[in-house]
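The values are calculated or read from the model by the stated rules, or taken from the named source; none is laboratory data. All of these numbers come straight from a predicted model, not from anything done at the bench. As a convention, Cβ positions derive from the backbone with ideal geometry for all residues, glycine included, and neighbour counts pool all protein chains shown.
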There are 2 protein chains.
Amino acid sequence: MHIFKEIEPLRAFLDEKRKSGLSIGLVPTMGALHAGHLSLIEASKRDNSITICSIFVNPIQFNNPKDFQAYPRFLEKDIALLTQAGCSALFCPEDYTMQTGAYLQVSFGDLEKSMEGSFRPGHFNGVVKVVAKLFHIVEPDTAYFGQKDWQQFVIIRTLVEELKFNVKLSVVETVREADGLALSSRNQRLTDSQRKQAVVLSATLNESRQKLLAGDSIAGIKGLARNKFEAQAGLALEYLEVVNSENLLPLKSVEEADRPILCIAAFVDEVRLIDNMFL
Amino acid sequence: MHIFKEIEPLRAFLDEKRKSGLSIGLVPTMGALHAGHLSLIEASKRDNSITICSIFVNPIQFNNPKDFQAYPRFLEKDIALLTQAGCSALFCPEDYTMQTGAYLQVSFGDLEKSMEGSFRPGHFNGVVKVVAKLFHIVEPDTAYFGQKDWQQFVIIRTLVEELKFNVKLSVVETVREADGLALSSRNQRLTDSQRKQAVVLSATLNESRQKLLAGDSIAGIKGLARNKFEAQAGLALEYLEVVNSENLLPLKSVEEADRPILCIAAFVDEVRLIDNMFL
């Protein structure tokens, strides 16, 4: 696997591939790779001749500096996993390579009024700026994102549509542990007992989904979820929302949207986790 | 000259050229072409094998709907001028081709606090969104802009740097009439008597520049300019600013910046004109 830390050698490598007519897939990550990321690599390999994984823990998308410092970093292990997975190249720039000015601010109106946009001020400005940079550096045919970050996916899709980026987007289903916990790099920060508690996110989504399908109200399932989290020490529910998956507007009833999605964010002690499920 | 109204045929045409190793220059315009635009075409032809001119009167960069409606449109004459100038291709999309959603808003902090940013709310959001679209559609090696829109150039340069667009920018000196009036598509809206009055913009810049070089204060030249405009019926000065040409911050004294620039905006009856000059 080729490893690039600087932009120009990567661009030169990719220009050669493009000139030979080879298609390029991009899997943007923050490293600490797990089977969820590897499923993105697999999807890219199925569709493209060349797969680039990027690993960059992007400081400007962290609203909480502690969370940025605590974010797991295992570059050597990541390189071994990517090599084994048959990834063509890794782009793992240093901070100074990706650093730019801070005049430009991007915002997405209603798409970021709820959920991550509301609880992590500045988060999507940071995400979008780094994703736009990666798109301009790699110029991929297709970029791959996980469904776990659904709001992020909708916002990046909007960015691509509104600015006519020449890139296709693909969203890949969330990979889960046997007990249902969504894979996340942040799971690596959990102790054994926290790991057991963390299943509450996917369990709550599952139960809420069943109750909604059985006719319960959105207000009702939110109340139940809040009670459930309050009953366990160490857990704190940030939000459980049922939104229209296309425009991310919160729903009062599931009939208001063709394709509602349930989204949850919660702290297991200091570790913030998110998950979602389509109704 | 090839003429494209749709994105995909243009992309296909350009992909062929790129595969043959030909470099591509882009001259984005709103049409009603004059010798200023043609100097951008000339600059692009000097640097590139292929020159694309785009003509699109972008509704979202007009804060004033009357100004949008009154903006001169002469597509047939423009096509003749571009053909004569040896432009390789014209991209002249209809509104529906360039229309996208309106979730994304971009802002540039201090760079748009003064001058056009202050007097035309939403203007640079509109400019930047259309320029980013054109960059993603054409993917030029170099794009050419006129110095007359200096604040626009600084903002587009910031966009390119902060999002690592793979494009070089070139700024081309303003072309002027014999009496000093900067060429502008909007000049075509002036009656003969208004045309004579319009020289006041460049004359004020010239005089202010001379006075600053002779040691006059910025406050002093602003007062003189205001008096000069108030003395003539049909003229209204919107602003005369002396700013740092790099960060666009207004200066109290010309010593505060390495490269100050004088910028002016004024109405000649209903026609709004701008101009600028480096100190």
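From the list A:A214, A:A236, which one is of a type in the set (G, A, S), farther than 28 Å from A:I55 by Cβ and surrounded by 13 or more Cβ atoms within 10 Å (Cβ to Cβ)? Lay out the reasoning, then the answer.
Values: A:A214 fails: surrounded by 13 or more Cβ atoms within 10 Å (Cβ to Cβ).
Answer to the selection: A:A236.
Taking region B:164-183 on its own, how many of its residues are among the polar types (S, T, N, Q) and under 17 Å from B:I264 (Cα atoms)? Even if it seems obvious, please write down each step before you answer.
Here is the first cut: in region B:164-183, the residues among the polar types (S, T, N, Q) are B:166, B:170, B:174.
Add one more test, that the residue is under 17 Å from B:I264 (Cα atoms), and what stays is B:174.
Matching residues across region B:164-183 total 1.
Out of curiosity, is A:K168 within 14 Å of chain B (Cβ to nearest Cβ) and on the phi > 0 side of the Ramachandran plot?
Working: within 14 Å of chain B (Cβ to nearest Cβ): yes; on the phi > 0 side of the Ramachandran plot: no.
The answer is no for A:K168.
Restricting the search to region B:19-36, which residues are without any contact (Cβ under 8 Å) to a residue 60 or more places away in the chain and on the phi < 0 side of the Ramachandran plot?
Start the filter on region B:19-36 by keeping residues that are without any contact (Cβ under 8 Å) to a residue 60 or more places away in the chain, which leaves B:19-22, B:29.
Scanning region B:19-36 gives B:K19, B:S20, B:L22, B:T29.
For the structure I just gave you, tell me whether B:N227 is part of a helix (DSSP H, G or I), in the same structural domain as B:Q194 (by TED's automatic domain parsing) and either at negative phi or not hydroxyl-bearing (S, T, Y) (or both).
yes
Give me the residue from region A:255-279 that is surrounded by 17 or more Cβ atoms within 10 Å (Cβ to Cβ) and more than 17 Å from the chain's Cα centre (by Cα) and, out of that set, nearest to A:V172 (Cα to Cα).
A:P260
Among the residues of region A:194-203, are any out of contact with any Leu (no Cβ under 7 Å at 6 or more places or on another chain), crowded, with 18+ Cβ neighbours inside 10 Å and in contact (Cβ under 8 Å) with a residue 40 or more places away in the chain? Please lay out each step first, then the result.
Here is the first cut: in region A:194-203, the residues out of contact with any Leu (no Cβ under 7 Å at 6 or more places or on another chain) are A:194-196, A:203.
Applying the additional criterion that residues be crowded, with 18+ Cβ neighbours inside 10 Å yields none.
Looking for residues that are out of contact with any Leu (no Cβ under 7 Å at 6 or more places or on another chain), crowded, with 18+ Cβ neighbours inside 10 Å and in contact (Cβ under 8 Å) with a residue 40 or more places away in the chain, one finds none in region A:194-203, hence no.
Based on what the data block shows, is B:A219 surrounded by 15 or more Cβ atoms within 10 Å (Cβ to Cβ), in a helix (DSSP H, G or I) and modelled with pLDDT of 95 or more?
On the way: surrounded by 15 or more Cβ atoms within 10 Å (Cβ to Cβ): no; in a helix (DSSP H, G or I): yes; modelled with pLDDT of 95 or more: yes.
Against the criterion (surrounded by 15 or more Cβ atoms within 10 Å (Cβ to Cβ), in a helix (DSSP H, G or I) and modelled with pLDDT of 95 or more), B:A219 does not qualify.
Note down all Cβ pairs under 7 Å where the first residue falls in region A:76-105 and is not assigned by TED's automatic domain parsing to the domain that holds A:F56, the second is acidic (D, E) and part of a helix (DSSP H, G or I), and they're at least six residues apart or on different chains.
none
Is region A:237-250 home to any residue that is among the polar types (S, T, N, Q), at pLDDT 95 or above and in a strand (DSSP E or B)? So that I can check it myself, show each step before the final result.
Initial filter on region A:237-250 (among the polar types (S, T, N, Q)): A:244-245, A:247.
From the residues that got through so far, the ones that are at pLDDT 95 or above too are A:244-245, A:247.
Filter once more, so that each one left must be in a strand (DSSP E or B): A:244.
Yes, that holds for at least one residue.
Among the residues of region B:84-108, what is the count of those that are among the polar types (S, T, N, Q) and within 20 Å of A:I155 (Cβ to Cβ)?
First, the residues of region B:84-108 that are among the polar types (S, T, N, Q): B:84, B:88, B:97, B:99-100, B:105, B:107.
Next cut, within 20 Å of A:I155 (Cβ to Cβ) only: B:99-100, B:105, B:107.
Matching residues across region B:84-108 total 4.
Out of region A:99-140, which residues are among the aromatic types (F, W, Y) and more than 7 Å from chain B (Cβ to nearest Cβ)?
If we filter region A:99-140 for residues that are among the aromatic types (F, W, Y), which is where we start, we get A:103, A:108, A:119, A:124, A:135.
A:F119, A:F124, A:F135, listed by residue number.
So, in region B:173-182, exactly how many residues are surrounded by 20 or more Cβ atoms within 10 Å (Cβ to Cβ) and either outside any loop (DSSP other than H, G, I, E, B) or touching an Asp or Glu at 6+ places or on another chain (Cβ under 7 Å) (or both)? Spell out how you get there, then give the answer.
Residues of region B:173-182 surrounded by 20 or more Cβ atoms within 10 Å (Cβ to Cβ): B:181-182.
Remaining after also requiring either outside any loop (DSSP other than H, G, I, E, B) or touching an Asp or Glu at 6+ places or on another chain (Cβ under 7 Å) (or both): B:182.
Adding up the residues that qualify gives 1.
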